[in-house]
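Undergrad: What follows is a structure written as structure tokens; I'll ask about it next.
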Amino acid sequence: MYIPTMAHQGPTYQLGPDFYKKLAAFADRFTAHGAEYFADEFARMDEFLDRARRESPDRDAHLLRQTPREKYLLELVSFILYDEMNREKFNRAKNTLIILPDCLSLHNPDCLKTDEPWGDVCRQCVPDCLASRTVDLADRYGIDVLFSKRKLTEQLEHYREQSGDLAVIGIACVLMLAEGMRSAADAGVPARGVLLNFCGCEHWNDQPFASEFAFERLEALLKEKYGERD
């Protein structure tokens with residue numbers, strides 16, 4: 001049996017002999033309480049997961065669709081912790097970039113956005129589209145809005161090099177936002193985020209529709225950083 005030695009003390013943490021027991025108990029309480037606390041938000045999840053597990057392996061996003069409730073809880077908490085930890089650096093950065101998901105477009109997958117090498121650009125063809133409204137809001141603050149590229153880290157590194165002092169607001173679903181914030185950290189860009197209220201893309205729906213997000217949260221992030229703008 002391994003017996004820990006006290007000859008060396010770690011500078012940030014030191015795991016004790018009962019650490020894994022404590023960690024497992026904490027995780028059990030976290031998942032149980034989270035399922036109860038977000039029961040309204042996750043009301044349809046069990047039904048969806050049961051259906052997803054019985055689908056053909058050839059179904060688009062087959063494995064993603066089977067993501068368990070625990071992963072949703074983990075990524076929700078990861079998102080909000082990253083968001084708070086990045087808050088000060090985000091507000092200090094001179095420039096801001098807003099990154100949108102493709103599923104936000106009312107015309108997705110036939111959106112008229114321009115195909116740009118470092119991020120597609122909304123043409124604002126439909127005023128009521130949330131992508132178009134986001135561009136209008138960003139114009140008030142003099143900041144850019146782009147659609148996400150698959151190689152997000154490279155996309156952010158490109159704009160960080162151009163800007164010299166960049167922060168980013170990502171808008172994405174529960175399973176993608178914290179991951180995107182980790183990619184932003186890899187690119188040296190402080191990130192905050194806005195969660196989609198639901199997923200409308202083809203990964204989750206046989207008939208895709210436009211996703212939505214809480215527009216007032218995006219407004220609040222920009223107002224906190226830049227102040228009120230007419």
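Undergrad: List the number of the failed condition for F26; all other conditions in (1) over 21 Å from the mean Cα position of the chain (by Cα); (2) in a loop (DSSP other than H, G, I, E, B) hold.
TA: For F26, the failing item is (2).
Undergrad: Right, here's the next one. Tell me the residue from A25, A43 that is under 29 Å from A220 (Cα atoms) and either in contact (Cβ under 8 Å) with a residue 12 or more places away in the chain or among the hydrophobic types (A, V, I, L, M, F, W, C) (or both), please.
TA: A43
Undergrad: Taking only pairs six or more apart or across chains, which ones have beta-carbon atoms under 6 Å, a first residue in region 47-74 that is over 20 Å from A32 (Cβ atoms) and free of Cβ contacts under 8 Å to residues at least 40 places away in the same chain, and a second residue that is surrounded by 10 or more Cβ atoms within 10 Å (Cβ to Cβ) and among the aliphatic types (A, V, I, L, M)?
TA: Q66/A52
Undergrad: Answer yes or no as to whether D128 is under 20 Å from E216 (Cβ atoms) and in contact (Cβ under 8 Å) with a residue 24 or more places away in the chain.
TA: On the way: under 20 Å from E216 (Cβ atoms): yes; in contact (Cβ under 8 Å) with a residue 24 or more places away in the chain: no.
No; evaluated as a whole, the condition is false for this residue.
Undergrad: Do you know which of the residues in region 125-159 that are closer than 24 Å to S183 by Cβ and of a type in the set (K, R) is surrounded by the most Cβ atoms within 10 Å (Cβ to Cβ)? I'd like the intermediate steps shown before the answer.
TA: Keep residues of region 125-159 that are closer than 24 Å to S183 by Cβ, which gives 130-131, 134-135, 137-138, 141, 143-159.
Checking the rest, the ones that are also of a type in the set (K, R) come to 149-151.
Working: K149: 17, R150: 6, K151: 12.
This residue is K149.
Undergrad: Tally up the residues in region 122-151 that are at pLDDT 90 or above, touching a strand residue (DSSP E or B) at 6+ places or on another chain (Cβ under 9 Å) and of a type in the set (A, V, I, L, M, F, W, C), please.
TA: So the count comes out to 9.
Undergrad: For region 36-58, check the following and say yes or no: at least one residue is closer than 15 Å to L73 by Cα and in contact with an Asp or Glu (Cβ under 9 Å, 6 or more places away or on another chain).
TA: No: zero hits.
Undergrad: Further question: Looking at (1) touching a residue at least 60 places away in the same chain (Cβ under 8 Å); (2) surrounded by fewer than 18 Cβ atoms within 10 Å (Cβ to Cβ), which one does D206 not meet, given that it meets all the others?
TA: That leaves (1) as the condition not met.
Undergrad: I need the full set of residues from region 205-230 which are touching a Phe, Trp or Tyr at 6+ places or on another chain (Cβ under 7 Å), more than 16 Å from E88 (Cα to Cα) and of a type in the set (F, W, Y), in order please.
TA: Residues satisfying the conditions do not exist here.
For (1) closer than 19 Å to I99 by Cβ; (2) at pLDDT below 90; (3) out of contact with any Ser or Thr (no Cβ under 7 Å at 6 or more places or on another chain); (4) acidic (D, E), each residue gets a yes or a no:
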| site | (1), (2), (3), (4) |
| --- | --- |
| S183 | yes, no, no, no |
| D186 | yes, no, no, yes |
| V189 | yes, no, yes, no |
| V194 | yes, no, yes, no |
| N205 | no, no, yes, no |
| A210 | yes, no, no, no |
| E219 | yes, no, yes, yes |
| E228 | no, yes, yes, yes |
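The values are calculated or read from the model by the stated rules, or taken from the named source; none is laboratory data. Note that the coordinates shown come from a computational prediction; the quantities given were computed from them, not determined experimentally. Virtual Cβ from ideal backbone geometry, glycine too; neighbours counted across all protein chains shown.
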